[in-house]
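A quick write-up on the structure given underneath.
Every number in this text was worked out from the coordinates using simple rules, so none of it is lab data. Because the structure is predicted, anything quoted here is derived from the model rather than measured. Note: ideal-geometry Cβ built from the backbone for every residue, glycine included; neighbour counts use all protein chains shown.
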DNA sequence: CAGAATCCAACCGGATACTG
DNA sequence: CAGTATCCGGTTGGATTCTG
């Protein structure tokens with residue numbers, strides 16, 4: 001199993017493979033519609049955020065989930081990971097220019113959702 | 001189990017319960033981000049469609065899924081179900097005015113997805 | 001601090017067969 | 001035609017523990 005996956009890409013490869021849907025709406029949803037994915041991207045819009053800060057902002061999601069979703073977003077080039085080798089270590093996540101192109105949609109979704117009958 | 005659910009609402013009640021996320025983005029995603037949900041809504045934009053026609057349009061989704069998602073959309077008031085009691089029976093699904101309010105960002109998502117590096 | 005590793009119950013969703 | 005019913009393997013995601 002996992003034949004010929006030489007480099008450990010920490011989920012980046014699978015991130016791509018998961019989005020082979022022919023329908024563009026489905027493809028898009030599989031990229032930014034995952035649990036917590038939209039929220040994560042949204043919370044990065046004002047600048048880089050450290051891992052634990054992000055986890056706190058997304059209250060309700062486990063670190064495991066945050067990590068998985070971040071790897072996936074990285075795999076799609078929507079988020080950049082940066083390691084500052086201080087002590088203690090610091091890792092920040094920053095939205096890329098490509099990632100920013102999704103914020104319009106997310107904002108519309110947010111507005112729509114807030115305007116729904118049941119709040 | 002299922003205490004006090006007297007009327008059989010065919011999944012409509014659960015549809016609502018599933019969307020109690022405090023974050024509006026997550027809530028929105030749980031409503032239209034389900035597998036096939038966006039596609040279904042999208043294919044209803046030009047008028048009522050019969051069940052089997054819809055199933056054909058969404059090639060790849062099973063009838064079971066189409067049904068489940070339609071019930072969910074109905075529960076959120078985004079789709080209306082209409083039975084024409086002919087022989088053989090005919091059932092059409094039509095997008096509601098509320099449902100139409102989602103077409104804007106679904107179109108944005110479509111455009112966004114199509115413009116991505118990997119197509 | 002920023003994860004990785006492991007466990008496991010719950011849910012998801014496809015395949016198939018059946019029905020009014 | 002428009003579903004429902006059942007089975008069931010695979011995935012999801014929370015909880016917990018461990019690590020450089």
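The radius of gyration of the Cα set in region B:49-114, together with its Dmax, comes out at 13.3, 43 angstrom. With neighbours defined as other Cβ atoms within 10 Å of a residue's Cβ, the residues A:25, A:84 order from fewest to most as A:84, A:25.
Ranked from shortest, the separations from the 7 Å Cα-to-Cβ label point of residue B:57 to its equivalents in the other copies are 3.8 nm. The other copies place their residue A:119 label points at 4.5 nm from this one, listed shortest first, where each point is 7 Å from Cα along Cα→Cβ.
When chain B is turned onto chain A, its residue with the beta carbon nearest the axis, and that distance in whole angstrom, is B:33, 2. Distances from residue B:85 to itself in the other copies, using label points 7 Å out along the Cα-Cβ axis, amount to 7.7 nm in increasing order.
Residues B:43, A:76 in ascending order of nearby Cβ atoms (within 10 Å, fewest first): B:43, A:76.
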